[in-house]
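Undergrad: Take a look at this one; I'll ask things after.
The values are calculated or read from the model by the stated rules, or taken from the named source; none is laboratory data. Being a predicted model, the structure only gives us computed values, none of them experimental. Here Cβ is always computed from backbone atoms with ideal geometry, including for glycine, and neighbour counts include all displayed protein chains.
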Amino acid sequence: MAMQRKAMEPLMQLHMANNSAAPIQRFGETLEEQQAILRAQALIRGRNVRKQVAVSTETEGIVHTKIKRPGAGRPPVAEVGTPLRTIQDNMWDGAQYDRLTVVGGANAGGVFGTGNGQLPSSPETLALQAPSTSAVINGGYFVHKVGLQTDEGTSPSIGTPVGATATREDYTPIARPWVQDYGHVTVGGGVGLSSGPLLEHHGVETVLPNHERFQYRVPSPDGPAENPLNSRAGALTHASDANERAAISINKNRYGKNENVVMHTLTTGGKRDLGATMEEWQRITHAGASSAQRELGVDPASSTLNLDGGGSVYMGIRRPSGMSTVSRGGPTNQVIRPVANVIASQPTNSD
């Protein structure tokens with residue numbers, strides 16, 4: 001899989017800075033008392049770190065990083081300007097950022113989805129087509145409700161993907177207002193799926209203009225009104241509002257070759273107002289995808305594509321026994337939303 005064969009870099013490590021000041025030395029404290037204070041402060045810092053950041057190996061070659069905000073009354077564990085702090089500063093309390101880094105994942109993977117005329121399917125079911133030990137994330141936009149229209153005013157069937165995809169020929173074209181904003185995941189030299197906006201290309205972040213094609217509400221004589229473009233299939237007007245998000249990045253390694261895949265999600269348990277706008281999501285994914293390259297002394301060269309969000313967000317691991325969910329959008333007490341396609345990436349040994 002070439003995922004545009006823009007690839008990613010070896011395992012990302014977020015900087016976690018020690019922000020603690022030296023303990024205040026009070027008159028009359030013994031050395032033992034001072035050491036006890038130091039141990040207590042270290043314990044508190046350790047608990048704060050564990051509440052904010054967790055890193056684990058899901059399977060060989062797939063590393064999972066989970067990040068939350070400090071929460072009320074807790075200090076951040078990272079200095080301003082570090083990738084971790086950037087991610088936390090663009091999140092709300094109650095949101096969670098999850099990232100799967102797939103080592104060499106740009107070299108093995110694909111898009112798995114529904115066929116012509118088929119309704120959306122559970123991402124867990126679609127992901128079972130992927131090889132075992134693959135990381136999986138939901139794919140691009142599709143017609144998910146009645147009433148969405150094309151530029152010509154026709155209404156595609158429920159489940160129809162927006163933009164070219166490898167698994168179907170009956171996709172609906174990308175609406176004209178966003179043709180320049182969409183990107184593609186490529187597989188084997190062809191288009192695997194379409195989505196947007198393209199957030200970053202070879203290390204250069206895309207400018208997201210303050211244009212009504214990215215605004216859910218627009219000015220009117222009676223105040224803000226719903227944008228007429230909201231009814232287009234695959235509309236990107238949601239960019240201005242907070243929402244649960246998903247994206248995929250491919251980084252260049254130190255030799256300039258496509259390498260690791262990074263999958264990102266931001267979930268809130270279905271509470272949309274705790275999600276991220278597209279500009280916030282762009283900052284989060286840039287920090288998440290590029291930090292490992294900085295650790296290795298390699299200039300960031302990530303390419304990141306935003307994927308379908310909201311209730312469509314899904315990320316998991318394809319294991320021999322089936323699917324293991326890492327994160328999902330929408331209320332956790334509801335069934336995971338069916339989607340049109342998913343992206344899978346398998347770790348490989350690659351320099």
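Undergrad: Do we have Asp93 as at pLDDT 95 or above and farther than 30 Å from Pro156 by Cβ here?
TA: No.
Undergrad: Residues Leu208, Leu229: which one is modelled with pLDDT of 90 or more, surrounded by 15 or more Cβ atoms within 10 Å (Cβ to Cβ) and in a loop (DSSP other than H, G, I, E, B)? Break it down into steps so the answer makes sense when it comes.
TA: Working: Leu229 fails: in a loop (DSSP other than H, G, I, E, B).
Selected residue: Leu208, the only one of Leu208, Leu229 that is modelled with pLDDT of 90 or more, surrounded by 15 or more Cβ atoms within 10 Å (Cβ to Cβ) and in a loop (DSSP other than H, G, I, E, B).
Undergrad: Checking the conditions here, which among Ala235, Ala239, Ala247 is touching a residue at least 60 places away in the same chain (Cβ under 8 Å) and outside any loop (DSSP other than H, G, I, E, B)? Reasoning before the result, please.
TA: On the way: Ala235 fails: outside any loop (DSSP other than H, G, I, E, B); Ala239 fails: touching a residue at least 60 places away in the same chain (Cβ under 8 Å).
After ruling out the rest, the residue left standing is Ala247.
Undergrad: So Gln215 fits all but one of (1) under 20 Å from the mean Cα position of the chain (by Cα); (2) polar (S, T, N, Q); (3) within 26 Å of Leu148 (Cα to Cα); (4) crowded, with 19+ Cβ neighbours inside 10 Å; what number is the exception?
TA: Checking Gln215 against (1) under 20 Å from the mean Cα position of the chain (by Cα); (2) polar (S, T, N, Q); (3) within 26 Å of Leu148 (Cα to Cα); (4) crowded, with 19+ Cβ neighbours inside 10 Å, the one that fails is (1).
Undergrad: Which members of the range 327-351 meet the condition of being in a loop (DSSP other than H, G, I, E, B) and either closer than 21 Å to Ala242 by Cα or more than 21 Å from the chain's Cα centre (by Cα) (or both)?
TA: Residues of the range 327-351 in a loop (DSSP other than H, G, I, E, B): 329-338, 340, 346-351.
Once the filter is applied, which keeps residues that are in a loop (DSSP other than H, G, I, E, B) and either closer than 21 Å to Ala242 by Cα or more than 21 Å from the chain's Cα centre (by Cα) (or both), the range 327-351 yields Gly329, Gly330, Pro331, Thr332, Asn333, Gln334, Ile336, Arg337, Thr348, Asn349, Ser350, Asp351.
Undergrad: Same structure again: Which one is modelled with the lowest pLDDT, of the residues in the range 104-121 that are of a type in the set (A, V, I, L, M, F, W, C) and either buried (at least 23 other Cβ atoms within 10 Å of the Cβ) or more than 27 Å from His64 (Cβ to Cβ) (or both)?
TA: Here is the first cut: in the range 104-121, the residues of a type in the set (A, V, I, L, M, F, W, C) are 106, 108, 111-112, 119.
This time we only want the ones that are either buried (at least 23 other Cβ atoms within 10 Å of the Cβ) or more than 27 Å from His64 (Cβ to Cβ) (or both), so: 106, 111-112, 119.
On the way: Ala106: 87, Val111: 96, Phe112: 97, Leu119: 98.
Among residues in the range 104-121 that are of a type in the set (A, V, I, L, M, F, W, C) and either buried (at least 23 other Cβ atoms within 10 Å of the Cβ) or more than 27 Å from His64 (Cβ to Cβ) (or both), the one modelled with the lowest pLDDT is Ala106.
Undergrad: Still on this structure: Which of the residues belonging to the range 164-189 are among the β-branched types (Val, Ile, Thr), assigned to a strand (DSSP E or B) and closer than 21 Å to Met263 by Cβ? Steps first, answer last, please.
TA: Applying the first criterion (among the β-branched types (Val, Ile, Thr)) to the range 164-189 yields 165, 167, 172, 174, 179, 185-187.
Imposing the further condition that a residue be assigned to a strand (DSSP E or B) reduces the set to 172, 185-187.
Scanning the range 164-189 gives Val185, Thr186, Val187.
Undergrad: What's the number of the condition Ala164 fails, among (1) of a type in the set (Gly, Ala, Ser); (2) in contact (Cβ under 8 Å) with a residue 40 or more places away in the chain; (3) within 18 Å of Gly115 (Cα to Cα)?
TA: For Ala164, the failing item is (2).
Undergrad: Considering the range 142-184 alone, what residues qualify as being among the polar types (S, T, N, Q) and either within 28 Å of His201 (Cβ to Cβ) or crowded, with 19+ Cβ neighbours inside 10 Å (or both)?
TA: Within the range 142-184, Thr150, Thr160, Thr165, Thr167, Thr172, Gln180 meet the criteria.
Undergrad: While we're on this one: Specify the residue that is modelled with the lowest pLDDT; the eligible residues are those in the range 51-86 that are under 22 Å from Thr332 (Cβ atoms) and part of a helix (DSSP H, G or I).
TA: Result: Lys51.
Undergrad: Considering Ala135, Ala130, which residue is buried (at least 17 other Cβ atoms within 10 Å of the Cβ) and outside any strand (DSSP E or B)? Steps first, please.
TA: Details: Ala135 fails: outside any strand (DSSP E or B).
Of Ala135, Ala130, the one residue that is buried (at least 17 other Cβ atoms within 10 Å of the Cβ) and outside any strand (DSSP E or B) is Ala130.
Undergrad: Mind listing whichever residues of the range 153-163 are closer than 17 Å to Ala239 by Cβ and part of a loop (DSSP other than H, G, I, E, B)?
TA: Of the residues in the range 153-163, the ones closer than 17 Å to Ala239 by Cβ are 162-163.
Selection gives Gly163 alone.
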